[in-house]
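Worksheet: one structure, shown below.
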Amino acid sequence: MTAPTAFTGTNGVSADVCVIGGGLHGCAAALHLAMRGKRVVVIEPHYPGRFASGVNAGGVRRLGRDPAEIPLAEASLEMWNNIASLVDDDCDFHACGQLKIAESEDDMAKLEARAGLVRDLGYDHERTIGREKLREIVPDVHPRAVGGLWCEGDGAADPMRTTRAFFEKAVATGVAFRLGERVTGLRRLGGQWRVETGKGAVTADAVLNCAGAWGDVIAGMMGDPVPLEAHALTMMVTERVRTFLTPVCGLASRKLSFKQTSAGTLLIGGAHLGYADRDSGVAEPDPLKMAISAATVSDAFPLVRNVRVARSWAGLEGVTPDRIPVIGPSHAADNAFHAFGFSAHGFQLGPVVGRLMAELIVDGKTNLPIAPFGVSRFAGQIRSIA
Ligand SMILES: Cc1cc2nc3c(=O)[nH]c(=O)nc-3n(C[C@H](O)[C@H](O)[C@H](O)COP(=O)(O)OP(=O)(O)OC[C@H]3O[C@@H](n4cnc5c(N)ncnc54)[C@H](O)[C@@H]3O)c2cc1C
């Protein structure tokens with residue numbers, strides 16, 4: 001992707017809503033707000049998708065989610081299934097399914113317990129499968145694998161293409177982007193917010209914090225302490241090989257996220273941590289963790305043992321102590337809102353959280369439950385940074 005040039009629309013200095021951060025969540029919220037008739041300015045120091053949203057694994061996954069996230073993930077999947085009607089691009093979304101593989105009977109018991117929990121909550125999207133069905137779905141899995149947890153409607157999309165599509169549709173809907181500017185301060189002035197950047201200020205009725213791994217910094221400016229850690233999540237991509245893998249695969253007891261792209265390359269992740277320096281915005285893979293990741297995937301799928309790794313990278317992601325995001329109004333300030341800290345699984349939620357933030361800001365309430373994600377759950381906790 002070529003980096004889009006910064007521009008300031010006529011409404012670039014005053015707005016109904018100022019969105020802080022131009023990742024997928026900032027772009028999605030800005031789009032939905034503009035669709036509801038709001039004048040929106042997004043402030044982004046780099047370009048849309050520069051951090052987590054542009055470099056993630058592209059997994060569109062309901063499988064294994066925290067129960068609080070399931071209603072949102074279900075609604076988001078519906079939006080993914082019609083994503084072109086929202087952003088004029090299919091974002092390369094394909095519902096190839098997501099699978100968690102049991103490598104032992106103990107693993108299988110764990111997956112059965114999980115499927116039971118999801119069923120008890122009233123959902124049926126996660127189903128256990130036995131040896132035979134597993135081999136039908138992934139014929140090349142190691143012979144010792146005994147079964148799995150299968151989530152058929154899940155899938156994957158292209159992360160940068162998705163973020164770009166939301167950005168472009170937001171622009172086409174009237175959103176002004178101030179790229180190359182960083183929010184350095186927030187002040188209340190005569191019932192409005194004055195959002196300071198190194199290059200001027202934006203005045204807005206409401207502010208929305210979509211600053212990803214820096215979300216706690218912006219939350220601090222609003223008076224909401226959040227103990228967020230910046231994690232460097234590592235990914236690897238291999239040379240092209242013949243097509244052999246359809247779904248996105250993980251393992252019940254070991255870290256792995258494994259898929260084959262339409263180009264034939266293998267994308268390997270699984271939340272292995274590299275080195276994060278969020279002050280400089282740098283995330284580097286840890287070679288030792290990459291070796292562990294390569295050994296894990298070669299063990300689970302022996303046919304990839306001699307495939308060469310072409311490239312590796314790491315992306316910065318904001319992770320909360322309870323591994324669920326902060327979504328909702330500020331506890332301390334009026335007309336201030338948060339959507340950050342997606343803790344390694346916010347890509348799938350992008351479409352629906354954008355809609356929910358627009359509902360919250362325009363209607364004062366949301367059509368899906370967001371109470372578990374409230375910022376006040378961290379009141380009294382000390383801020384720590386990895
Ligand atoms: C390697 C990796 C793999 C992942 N795999 C998956 C997956 O398969 N499935 C899934 O669902 N999720 C996955 N995730 C998580 C997902 O990518 C994130 O949860 C999601 O992209 C977060 O989007 P965001 O818009 O909140 O954050 P970001 O995309 O990080 O955007 C935040 C933006 O805020 C801007 N910003 C920061 N400070 C300021 C400031 N002071 N002023 C203005 N702007 C500011 C930044 O420049 C940045 O562009 C993965 C993440 C990584 C890193």
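Read-outs throughout are calculated quantities, based only on the coordinates presented, and are distinct from any laboratory measurement. What you see is a predicted model; the values in this text were computed from it and never measured. Cβ: placed from backbone, ideal geometry, glycine included. Neighbour counts: every protein chain shown.
Taking a 28 Å limit on the Cα-Cα distance, which of the listed pairs LYS169/LYS289; LYS100/LYS365; LYS169/LYS365; LYS199/LYS365; LYS255/LYS365; LYS110/LYS365 fall beyond it? Too far apart for the 28 Å limit: LYS169/LYS289; LYS100/LYS365; LYS199/LYS365; LYS255/LYS365; LYS110/LYS365. Look at the alpha carbon pairs under 8 Å that are at least 6 residues apart: their mean separation over the length of the stretch 269-330 gives a relative contact order of 31 percent.
What does the charge count near LYS110 come to, summing +1 for each Lys or Arg and -1 for each Asp or Glu among other residues with Cβ under 14 Å from its Cβ? Don't skip to the answer; put the middle values down first.
On the way: positive: LYS100, ARG114, ARG254; negative: GLU103, GLU105, ASP106, ASP107, GLU112, GLU126.
Net local charge, LYS110 excluded: -3.
Across the stretch 140-270, Cα-Cα pairs more than 22 Å apart make up 60 percent of the total.
Extension gain for the segment ASP124 to ASP66, taken as residue separation times 0.36 nm less the Cα-Cα distance, is 19.4 nm to one decimal.
Give me the one-decimal Kirkwood hydrodynamic radius in Å for the stretch 215-312, with the sum taken over alpha-carbon pairs.
Details: mean 1/r = 0.0665 Å⁻¹.
Roughly 15.0 Å, rounded to one decimal.
Here the Kirkwood formula, the inverse mean of 1/r across different C-alpha pairs, assigns the stretch 103-205 a hydrodynamic radius of 18.8 Å.
For the stretch 1-159, what's the relative contact order in percent, using C-alpha pairs closer than 8 Å and at least 6 residues apart? Show your work: numbers first, answer last.
Details: 217 pairs, mean separation 39.3, N = 159.
The normalised contact order for the stretch 1-159 reaches 25 percent.
Estimated purely from DSSP H runs of n ≥ 4, each contributing -39500 (n - 2.57), the mean residue ellipticity at 222 nm for the chain is -8000 deg cm²/dmol once divided by its residues. Note that the stretch 56-169, at 10 °C in a medium of 1.306 mPa s, gets a Stokes-Einstein diffusion coefficient of 105 µm²/s from its Kirkwood radius over C-alpha pairs.
If you take the alpha carbon atoms of the stretch 255-386 and fit the smallest convex hull around them, that volume is 158 Å³ per residue.
Please return the longest stretch of the chain lacking exposed loop sites, where trypsin sites (Lys or Arg not before Pro) count only if DSSP places them in a loop and at most 14 other Cβ atoms lie within 10 Å. Don't skip to the end; give the middle numbers.
On the way: sites that count: ARG144, LYS199, ARG240, ARG242, ARG305, ARG308, ARG323, LYS365, ARG383.
My reading of the result: 1-143 is the longest stretch.
For every other residue with a beta carbon closer than 12 angstrom to the beta carbon of ARG355, add +1 if it is Lys or Arg and -1 if Asp or Glu, then tell me the sum. Show your work: numbers first, answer last.
Numbers: positive: ARG36; negative: GLU78, GLU359, ASP363.
It works out to a net charge of -2.
Relative contact order, whole percent, for the chain stands at 23, derived from Cα pairs under 8 Å and 6 or more residues apart. The base-10 log of I(q)/I(0) for the chain, evaluated at q = 0.11, 0.14, 0.15 Å⁻¹, reads -0.75, -1.19, -1.34 [Debye formula, identical scatterers on Cα atoms, solvent excluded].
When HIS125, HIS32, HIS142 are ordered from fewest to most other Cβ atoms inside 10 Å of their Cβ, what list results? Don't skip to the answer; put the middle values down first.
Numbers: HIS125 20, HIS32 26, HIS142 14.
If I rank by nearby Cβ atoms, fewest first, I get HIS142, HIS125, HIS32.
Subtract the Cα-Cα distance of ALA172 and ASN306 from 0.36 nm times their separation in residues, and report this length gain in nm to one decimal.
Numbers: separation 134, 0.36 × 134 = 48.24 nm, distance 4.63 nm.
Result for the pair: 43.6 nm of gain on full extension.
Is there a quick way to get the dipole size of the chain? I mean about its Cα centre, with the Cβ of Lys and Arg at +1 and of Asp and Glu at -1; what is the value in debye to the nearest 20? Spell out each step's value before the answer.
Details: 40 positive and 42 negative charges, 100 e Å.
Here the chain has a charge dipole of around 480 debye.
Counting other Cβ atoms within 10 Å of each Cβ, which chymotrypsin sites (Phe, Trp or Tyr not before Pro) in the stretch 244-291 have at most 15 and sit in a DSSP loop? Can you show the working numbers first?
Values: sites: PHE244, PHE258, TYR275; in loops: PHE244.
Hits after loop and neighbour filter: PHE244.
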